[in-house]
Amino acid sequence: MARIRVSARRGAADAAAVLGQQIKAARIARTWTAVELAERIGVDRRTVAAIEAGDPGVSLGNVFNAADIVGVPLFGAEDHAALARLRREGRDRLALLPTRVGKPRRKSEPDDDF
C-alpha cells in the first residue's frame, strides 16, 4: 500500500527542520556517520538523511529514537528522569479532563422555568 503524503503546516515543517538540524549536529559531534546512526536506530541511511533534512513524512518514532540516541533533549527535558516526570504530569493533567468532548445537545422544549 502506498504512503499518503500530507503537506505539513508551517509550524510543523519548521519544528521538523529544527529537530533534524539538532540531530545532525549531535551526530557529527559524536563523530558518527549517518550509516552508524541508522544502524543504531534500526533504519536505512536514507531515513537518517530524511530525518536530518526535516522531512515531516518520517515516522515520529524514528525521529524520537534518533534524537534520544544522539542526546538531543526532547521537550526541554535534559535527561530521562525529567522526561518521565513530564510524562507523569501530562497523564495526571489529562486524568482531570473529560474523556469525551462533544457539542451540547439542543433541548427539544424551551426552558420556561423562572
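The values are calculated or read from the model by the stated rules, or taken from the named source; none is laboratory data. As the structure is a prediction and not an experimental result, all values here were calculated from the model. Methodologically, a virtual Cβ is constructed for each residue, glycine included, from the backbone with ideal geometry; neighbour enumeration extends over all protein chains shown.
So which residues in the range 69-80 are more than 14 Å from VAL18 (Cβ to Cβ) and loosely packed, with under 15 Cβ neighbours inside 10 Å, if there are any at all? Matches in the range 69-80: GLY71, ALA77, GLU78, ASP79, HIS80.
Sort out which residues of the range 52-61 are more than 14 Å from the chain's Cα centre (by Cα) and part of a helix (DSSP H, G or I), and write them in order of number.
Taking the range 52-61 first, the residues more than 14 Å from the chain's Cα centre (by Cα) are 52-53.
Listed by number, the list holds a single entry, GLU52.
Here the condition is being surrounded by 15 or more Cβ atoms within 10 Å (Cβ to Cβ) and among the small types (Gly, Ala, Ser); of ALA50, ALA13, it holds for ALA50 alone.
Just one residue in the set ARG27, ARG45 is of a type in the set (Lys, Arg) and within 22 Å of LEU83 (Cα to Cα); that residue is ARG27.
For the range 62-85: of the residues being acidic (Asp, Glu) and modelled with pLDDT under 90, which is nearest to ALA15 (Cα to Cα)? Quick ask: steps written out before the conclusion?
Filtering the range 62-85 down to residues acidic (Asp, Glu) leaves 68, 78-79.
The next check asks that each one be modelled with pLDDT under 90; those that pass are 78-79.
Details: GLU78: 18, ASP79: 20 Å.
So the residue we want is GLU78.
Residue count for the range 27-51, restricted to those that are part of a helix (DSSP H, G or I) and more than 18 Å from the chain's Cα centre (by Cα): 12. If the condition is being touching a helix residue (DSSP H, G or I) at 6+ places or on another chain (Cβ under 8 Å) and over 22 Å from ARG9 (Cβ atoms), then the range 43-60 contributes VAL43, ASP44, ARG45, THR47, VAL48, ALA49.
Name the residue, out of THR47, THR99, that is within 29 Å of SER7 (Cβ to Cβ) and among the polar types (S, T, N, Q). Outline the logic, then answer.
Working: THR99 fails: within 29 Å of SER7 (Cβ to Cβ).
Going through THR47, THR99 in turn, the sole match is THR47.
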